[in-house]
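The values are calculated or read from the model by the stated rules, or taken from the named source; none is laboratory data. These numbers were taken from a predicted model, which means no experiment stands behind them. Positions of Cβ are generated from backbone atoms using ideal geometry, with glycine treated the same way; all protein chains shown enter the neighbour counts. Just so you know, the surface numbers come from the protein's heavy atoms only, side chains and all, with ligands and any DNA or RNA stripped out. Shrake-Rupley method; radii C 1.70, N 1.55, O 1.52, S 1.80 Å.
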Amino acid sequence: MRLLPIAAAALLLALPLTACKKGPDPAVAAANLQTGEAFLAKNKTAPGVVTLTDGVQYRIVTSGPATGSSPKAVDEVKVHYEGKLLDGTVFDSSFERGAPATFPLRGLIPAWVEGIQLMKPGDEWILWAPASLAYGDEDKGPIPANSVLEFKIQLIDFLSLTPPPSTPVP
């Protein structure tokens, strides 16, 4: 019988905590999805914009040396970048911090993994990530659910972590 009051008290304490933990506002998420899809449909016709088969879009601002190689998904990349929402709100910027960032490429959002593998050191691109290839239907800090994201990316360098092909021993 003593367990019943304890269980009831635990339940009453847990209810306010679960009420505080809410997901994204469905109306905002739906509006973001609609706004993003409309933006991408219009943006794909803008001069210089390339649209990949999965919807990632990019525009080349500056090209590095044509002879350079491109990173692979397993590599580490050194980049300067700025991430913005479609309304222009900057949510992250290595430019503002005054130092480039180094990341394992495969740990980034799918749009970055795909786009950066097409770049060469010295390239600067504007990349638009559809919500499905960014953070999807989840709020991530200052990034609302279903947001199309715009990134200015300068690929400075990369560290190839791809193992060299093995050669047979004679």
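Here are the numbers for this structure:
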quantity: From Lys44, Lys21, residue being modelled with pLDDT of 95 or more, out of contact with any Cys (no Cβ under 9 Å at 6 or more places or on another chain) and of a type in the set (D, E, K, R); calculated: Lys44
quantity: Residue in segment 58-78 that is under 19 Å from Ile143 (Cβ atoms) and at pLDDT 95 or above present; calculated: no
quantity: Index of the failed condition, Asp25 passing every other in (1) at positive phi; (2) open to solvent by 60 Å² or more (accessible area, probe 1.4 Å); calculated: (1)
quantity: Every pair of residues 6+ apart whose Cβ atoms lie under 7 Å, when the first sits in segment 89-110 and is without any contact (Cβ under 8 Å) to a residue 40 or more places away in the chain while the second is surrounded by fewer than 16 Cβ atoms within 10 Å (Cβ to Cβ) and assigned to a strand (DSSP E or B); calculated: Ser94/Ala101
quantity: Segment 39-87, subset of a type in the set (Gly, Ala, Ser) and within 16 Å of the chain's Cα centre (by Cα), residue farthest from Ile109 (Cα to Cα); calculated: Gly55
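Residue by residue, here is whether (1) acidic (Asp, Glu); (2) more than 27 Å from Thr35 (Cα to Cα); (3) buried (at least 16 other Cβ atoms within 10 Å of the Cβ); (4) touching a Ser or Thr at 6+ places or on another chain (Cβ under 7 Å) holds:
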site: Arg97; (1), (2), (3), (4): no, yes, no, no
site: Gly115; (1), (2), (3), (4): no, no, yes, no
site: Trp125; (1), (2), (3), (4): no, no, yes, no
site: Gly141; (1), (2), (3), (4): no, no, no, no
site: Ala145; (1), (2), (3), (4): no, no, yes, no
site: Asp157; (1), (2), (3), (4): yes, yes, no, no
site: Ser160; (1), (2), (3), (4): no, yes, no, no
